[in-house]
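Single-structure report; data block below.
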Amino acid sequence: MTPALSRLLDELAATEPDVQATSADGVTTWSIDGHPFAAAHDHGVELRLDRAIAAAAARTLDAGPSARGPDWVRFNPRDLDGHAVDRLTAWFELACQRAGEPSR
C-alpha cells in the first residue's frame with residue numbers, strides 16, 4: 001500500500017467517531033462495535049460493501065473480488081487520482097455505515 005493511500009484511509013477513518021483501528025501482522029483493520037468493514041495491507045485495501053455493490057465495484061479499474069467473501073471488494077489503485085479517491089471515499093463511507101447498522 002502506498003503512503004498516500006494509507007494517509008487517505010487514516011483521514012477517512014478519523015471522520016467517523018465510532019471507528020476503531022487495530023493493526024496486526026501487517027494488516028490494519030477498521031471496525032465498528034467489533035464488525036470489521038475495511039482492512040489495509042501491502043496489496044491495497046479491502047472493504048465490506050453490500051454483495052451487489054461489491055460485485056459491481058470489483059469490475060472497476062484497480063479493483064477485484066476479495067478472498068474475504070462476496071460482500072468484500074479489493075482495491076489497489078496504481079494512481080491515487082481524483083477518480084480513485086472518489087471511489088475509495090464512497091466505498092469506505094458505505095462500508096462504515098453498513099458496519100454500524102444493527103443488522104450487521
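Determine whether LEU12 is within 15 Å of LEU88 (Cα to Cα), aliphatic (A, V, I, L, M) and part of a loop (DSSP other than H, G, I, E, B).
Working: within 15 Å of LEU88 (Cα to Cα): yes; aliphatic (A, V, I, L, M): yes; part of a loop (DSSP other than H, G, I, E, B): no.
In short, no.
Taking the range 44-90 as the search range and keeping residues that are assigned to a loop (DSSP other than H, G, I, E, B) and touching a residue at least 60 places away in the same chain (Cβ under 8 Å), which one is surrounded by the most Cβ atoms within 10 Å (Cβ to Cβ)?
Restricting to residues being assigned to a loop (DSSP other than H, G, I, E, B) and touching a residue at least 60 places away in the same chain (Cβ under 8 Å), the top hit is PRO77.
Could you check, for the range 20-38, whether at least one of its residues is in contact with a helix residue (DSSP H, G or I) (Cβ under 6 Å, 6 or more places away or on another chain), without any contact (Cβ under 8 Å) to a residue 60 or more places away in the chain and under 17 Å from VAL73 (Cβ atoms)?
The answer is yes, given that some residue of the range 20-38 is in contact with a helix residue (DSSP H, G or I) (Cβ under 6 Å, 6 or more places away or on another chain), without any contact (Cβ under 8 Å) to a residue 60 or more places away in the chain and under 17 Å from VAL73 (Cβ atoms).
Output the residue which, of all residues in the range 52-103 that are touching a helix residue (DSSP H, G or I) at 6+ places or on another chain (Cβ under 6 Å) and of a type outside the set (A, V, I, L, M, F, W, C), is farthest from ALA4 (Cα to Cα).
Across the range 52-103, the extreme among qualifying residues is PRO70.
Hey, any hits in the range 44-51 for a residue that's among the acidic types (Asp, Glu) and in contact with a Lys or Arg (Cβ under 8 Å, 6 or more places away or on another chain)?
Yes, the range 44-51 has at least one match.
Just so you know, all these numbers are worked out from the coordinates, no wet-lab data involved. Since we're looking at a predicted model, the values are computed, not measured. Every residue, glycine among them, receives a Cβ derived from its backbone with ideal geometry; neighbour counts consider all protein chains shown.
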